[in-house]
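Since the structure comes first, as structure tokens, the remarks are kept for the end.
The values are calculated or read from the model by the stated rules, or taken from the named source; none is laboratory data. This one's a predicted model, so the numbers in the text were calculated from it and none came from an experiment. Heads up, the Cβs are rebuilt from the backbone with ideal geometry, glycines too, and the neighbour counts pull from every protein chain shown. Surface accessibility is based on the protein's heavy atoms, side chains included, excluding ligands, DNA and RNA. Shrake-Rupley method; radii C 1.70, N 1.55, O 1.52, S 1.80 Å.
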Amino acid sequence: MSDKRPNIIMIMSDDLGYECIGVNGGTSYATPRLDEMAANGMRFDEGHVLPLCTPTRVALMTGKHNFRNYIGFGLMRPDEVTFGHIFSDAGYNTCISGKWQLYSYNPPEQFPEMRNKGQRIEDAGFDEYHVWHAHHTEQKGSRYKDPIIYANGKYRDDTEGEYGDDLFLDYIIDFIGRKKDDDNPFFVYWPMALTHGPFEPTPDSPEWDGFKPNSNKTLGVGTWAEMNDDGGDAHPRFYKDMVEYHDKVIGRLLDYLAEQGLSEDTLVIYTGDNGSPQEVCSIVHRHTEICGGKSTTDDHGTHVPWIVQMPGTVPAGVVNNDLVDVTDFLPTMLEAADIEAPNNYVIDGTSFYPQLKGETGNPKDWLFFHYDPMTPNRPDLTSIRFVRDRNWKLYETGELYDLNADLDEELPIFESEDGEASAAARAKLKPVFAEMV
């Protein structure tokens with residue numbers, strides 16, 4: 001291991017819940033490379049995020065709960081300081097390659113009040129960027145076959161026949177190759193396109209040859225409903241292919257680090273942005289079927305895979321049961337890199353870097369969630385706040401759930417129905433809401 005600060009790679013898959021990974025008990029999909037990553041590092045069994053893409057991504061990049069800085073679905077506040085800014089200012093070589101989708105999400109002539117808002121990728125603090133969905137939604141194009149990619153100020157014109165996450169990884173590998181011998185370390189953020197819909201063939205699918213993305217729906221021409229329709233030949237049956245291909249490309253990155261002698265110098269963190277799509281049901285162990293909970297606030301919407309690898313620093317084959325949430329990533333990475341947060345910069349998360357070194361650290365007693373979807377096509381979905389510990393979950397509206405007996409949250413317990421145990425849980429969790437202002 002070198003004397004310089006560690007390199008850091010943050011990988012976030014899209015729409016892939018806890019139950020999909022083999023090492024978590026999933027048996028529907030082959031995920032040998034993530035299983036191997038867990039065997040070589042530490043797996044967190046109680047890692048939680050927000051139930052939807054943008055809220056999680058904004059919290060990840062800032063270390064803050066969403067009530068502080070979330071302005072709308074597909075948007076990040078234009079003046080927000082991200083980990084791109086912080087790591088660049090601290091001397092790291094920084095790169096993002098993958099999904100952006102944090103600027104001007106709304107389609108033309110629909111919900112125009114949020115057009116041209118959010119944070120442009122050009123302003124997000126990274127030295128280099130190579131992203132899908134950089135600007136307006138109607139310009140986003142395909143993220144998979146024949147992807148539309150905006151790289152360092154111009155759109156690529158050489159992606160026909162190529163696959164999105166292959167190209168995102170190729171760029172990351174090229175970036176690392178150019179920076180690995182630099183005196184300064186690198187920080188790479190890979191927000192993957194996989195495994196979000198549209199559910200399409202991958203290069204390993206028999207249907208790949210001759211497959212054409214539905215251009216109208218992929219490009220976002222038409223109504224909001226059309227833009228969220230898989231369209232064409234896309235079908236949930238391809239979700240298996242997509243999960244397995246996403247495992248394969250992550251393995252390719254891990255192999256590259258090993259080949260270049262960078263594994264012991266690089267902290268690699270992998271997680272998901274929310275639960276799996278609701279239309280996808282997966283098998284855990286031999287018989288248990290779990291259907292995805294994306295956009296729902298039960299465990300199937302927030303519980304995601306969470307694996308960290310850095311041989312020689314992170315002990316191998318450890319399963320950590322501490323409660324951790326998405327706001328904890330930034331302080332963990334900052335501590336690993338020995339970087340102080342900017343003056344007056346609020347971080348809600350708690351570093352779990354001590355745990356990564358085999359120490360006890362400062363585990364949380366509870367996790368707080370502020371979830372406001374702000375999806376223009378679903379005005380019925382409003383702000384929801386809840387707190388959970390290992391055994392109980394309390395919503396600000398008063399519903400309490402026994403997570404050991406009712407993980408699917410079908411049997412709410414109201415205060416008038418409290419027994420001794422539920423009353424004690426309510427007394428512990430309820431004061432948290434008053435702290436979150």
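Key figures
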| quantity | calculated |
| --- | --- |
| Matching residues, the stretch 168-179, being hydrophobic (A, V, I, L, M, F, W, C) and open to solvent by 10 Å² or more (accessible area, probe 1.4 Å) | ILE173 |
| Test: residue in the stretch 364-378 that is over 30 Å from VAL314 (Cβ atoms), of a type in the set (S, T, N, Q), in contact (Cβ under 8 Å) with a residue 24 or more places away in the chain and in contact with a Phe, Trp or Tyr (Cβ under 7 Å, 6 or more places away or on another chain) | yes |
| Matching residues, the stretch 305-328, being hydroxyl-bearing (Ser, Thr, Tyr) and either under 24 Å from ASP365 (Cα atoms) or not in a loop (DSSP other than H, G, I, E, B) (or both) | THR327 |
| GLU200 being buried (at least 21 other Cβ atoms within 10 Å of the Cβ) and either acidic (Asp, Glu) or touching a Phe, Trp or Tyr at 6+ places or on another chain (Cβ under 7 Å) (or both) | yes |
| When residues of the stretch 128-144 are limited to those that are touching a Leu at 6+ places or on another chain (Cβ under 8 Å) and either in a helix (DSSP H, G or I) or among the β-branched types (Val, Ile, Thr) (or both), the one least open to solvent (accessible area, probe 1.4 Å) | GLU138 |
| Filter result (within 19 Å of LEU60 (Cα to Cα) and not hydrophobic (A, V, I, L, M, F, W, C)) within the stretch 301-337 | GLY301, THR302, HIS303, PRO305, GLN309, ASP322, ASP325, THR327, ASP328, PRO331, THR332, GLU335 |
| Test result for LYS212, farther than 30 Å from GLU128 by Cβ, in a helix (DSSP H, G or I), open to solvent by 20 Å² or more (accessible area, probe 1.4 Å) and modelled with pLDDT under 95 | no |
| Pair list, Cβ < 7 Å and 6+ apart or interchain, from the stretch 182-209 residues that are under 30 Å from ASP338 (Cα atoms) to residues that are outside any loop (DSSP other than H, G, I, E, B) and open to solvent by 30 Å² or more (accessible area, probe 1.4 Å) | PHE186/LYS179 |
| Inter-residue pairs, beta-carbon under 7 Å, first under 16 Å from GLU396 (Cβ atoms) and modelled with pLDDT of 95 or more and in the stretch 417-428, second of a type in the set (Asp, Glu) and not in a helix (DSSP H, G or I), 6+ apart | ARG426/ASP418 |
| Long-range neighbours under 8 Å by Cβ, at least six apart or interchain, first residue within 11 Å of SER97 (Cβ to Cβ) and in a strand (DSSP E or B) within the stretch 145-171, second open to solvent by 30 Å² or more (accessible area, probe 1.4 Å) and of a type in the set (Phe, Trp, Tyr) | ALA151/TYR171 |
| Enumerated strands (runs of 3 or more DSSP E) restricted to the stretch 244-304, each holding at least 3 residues that are buried (at least 23 other Cβ atoms within 10 Å of the Cβ) | 266-272 |
| Residue ranges of strands (runs of 3 or more DSSP E) in the stretch 333-437 with at least 2 members open to solvent by less than 70 Å² (accessible area, probe 1.4 Å) and farther than 30 Å from ASP89 by Cβ | 384-388, 392-395, 400-402 |
| Residue match in the stretch 220-228 (condition: in a loop (DSSP other than H, G, I, E, B), in contact with a strand residue (DSSP E or B) (Cβ under 9 Å, 6 or more places away or on another chain) and either at pLDDT below 95 or under 27 Å from THR56 (Cβ atoms) (or both)) | no |
| Filter pass, ASP328 being of a type in the set (Asp, Glu), buried (at least 19 other Cβ atoms within 10 Å of the Cβ) and out of contact with any Cys (no Cβ under 8 Å at 6 or more places or on another chain) | yes |
| Qualifying residue in the stretch 128-139 (condition: closer than 25 Å to ASP247 by Cα, among the β-branched types (Val, Ile, Thr), touching a residue at least 12 places away in the same chain (Cβ under 8 Å) and in contact with a helix residue (DSSP H, G or I) (Cβ under 6 Å, 6 or more places away or on another chain)) | yes |
| Hits in the stretch 368-381 - residues which are more than 17 Å from the chain's Cα centre (by Cα) and within 14 Å of HIS65 (Cα to Cα) | PHE368 |
| Search result, residues across the stretch 14-58 that are touching a residue at least 60 places away in the same chain (Cβ under 8 Å) and among the small types (Gly, Ala, Ser) | GLY17, GLY25, GLY26, SER28, ALA30, ALA38, ALA39, GLY41, GLY47 |
| Which listed residue, of GLY349, GLY317, GLY301, is at positive phi and among the small types (Gly, Ala, Ser) | GLY317 |
